[in-house]
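Note sheet for the following structure.
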Amino acid sequence: MKLIDRYILKKFLAAFFFVVLILVVIIVVIDFTEKNDDFIKRSAPAKAVIFDYYFNYIPYLANLLSPITVFIATVFVTAQLAARTEIIAILSSGVSFRRMMVPYIIGSFLIGG
């Protein structure tokens, strides 16, 4: 794996995990505010709500959001590379467009696995 592949892969995976984390936190906060009255009415202990409900709900959300966040991370990283004219430098150095997409494919397989 070349240095540019590791650079793009690192940026891609960092963007992916950041987007997933932010979306999961937002959804969990909204879910908690909506269901807080139900938790209080049924006098659910905080330990059960956190460890039984949300520790099972968070992986479900992350799995549900993964396909769209892969797309968002790809667009975000590619836009960053284009804004800094790094794509032009990569392509003008003789790297084909298909070869430049290899880190994205590797990252997608890592996320999918």
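The values are calculated or read from the model by the stated rules, or taken from the named source; none is laboratory data. Computed from a predicted structure; not experimentally measured. Virtual Cβ from ideal backbone geometry, glycine too; neighbours counted across all protein chains shown.
If you go through segment 1-25 and keep only what is part of a helix (DSSP H, G or I), out of contact with any helix residue (DSSP H, G or I) (no Cβ under 7 Å at 6 or more places or on another chain) and surrounded by 11 or more Cβ atoms within 10 Å (Cβ to Cβ), you end up with Arg6, Tyr7, Lys10, Ala14, Phe17, Phe18, Leu21, Ile22, Val25. The residue that is nearest to Val24 (Cα to Cα), counting only those in segment 73-85 that are of a type outside the set (Lys, Arg) and surrounded by fewer than 16 Cβ atoms within 10 Å (Cβ to Cβ), is Val75.
Say whether the condition of being exposed (fewer than 14 other Cβ atoms within 10 Å of the Cβ), over 13 Å from the mean Cα position of the chain (by Cα), assigned to a helix (DSSP H, G or I) and at pLDDT 95 or above is met by at least one residue in segment 37-50.
Checking segment 37-50: not a single residue is exposed (fewer than 14 other Cβ atoms within 10 Å of the Cβ), over 13 Å from the mean Cα position of the chain (by Cα), assigned to a helix (DSSP H, G or I) and at pLDDT 95 or above.
Filtering segment 63-105 to residues that are touching a Leu at 6+ places or on another chain (Cβ under 6 Å) and either closer than 15 Å to Lys10 by Cα or of a type in the set (Lys, Arg) (or both) leaves only Pro103. Looking at the structure I just gave you, is Pro103 in contact with an Asp or Glu (Cβ under 6 Å, 6 or more places away or on another chain) and at pLDDT 90 or above? It is true that Pro103 is in contact with an Asp or Glu (Cβ under 6 Å, 6 or more places away or on another chain) and at pLDDT 90 or above.
Across segment 66-102, what is the number of residues that are without any contact (Cβ under 8 Å) to a residue 60 or more places away in the chain and β-branched (Val, Ile, Thr)?
Within segment 66-102, residues that are without any contact (Cβ under 8 Å) to a residue 60 or more places away in the chain and β-branched (Val, Ile, Thr) number 9.
Condition test on Tyr54, is it touching a residue at least 12 places away in the same chain (Cβ under 8 Å), touching a Ser or Thr at 6+ places or on another chain (Cβ under 9 Å) and either more than 16 Å from Lys11 (Cα to Cα) or not β-branched (Val, Ile, Thr) (or both)? Considered against the rule, which asks whether it is touching a residue at least 12 places away in the same chain (Cβ under 8 Å), touching a Ser or Thr at 6+ places or on another chain (Cβ under 9 Å) and either more than 16 Å from Lys11 (Cα to Cα) or not β-branched (Val, Ile, Thr) (or both), Tyr54 comes out as no. When residues in segment 88-113 are screened for being more than 25 Å from Leu65 (Cβ to Cβ) and surrounded by 15 or more Cβ atoms within 10 Å (Cβ to Cβ), 3 of them pass.
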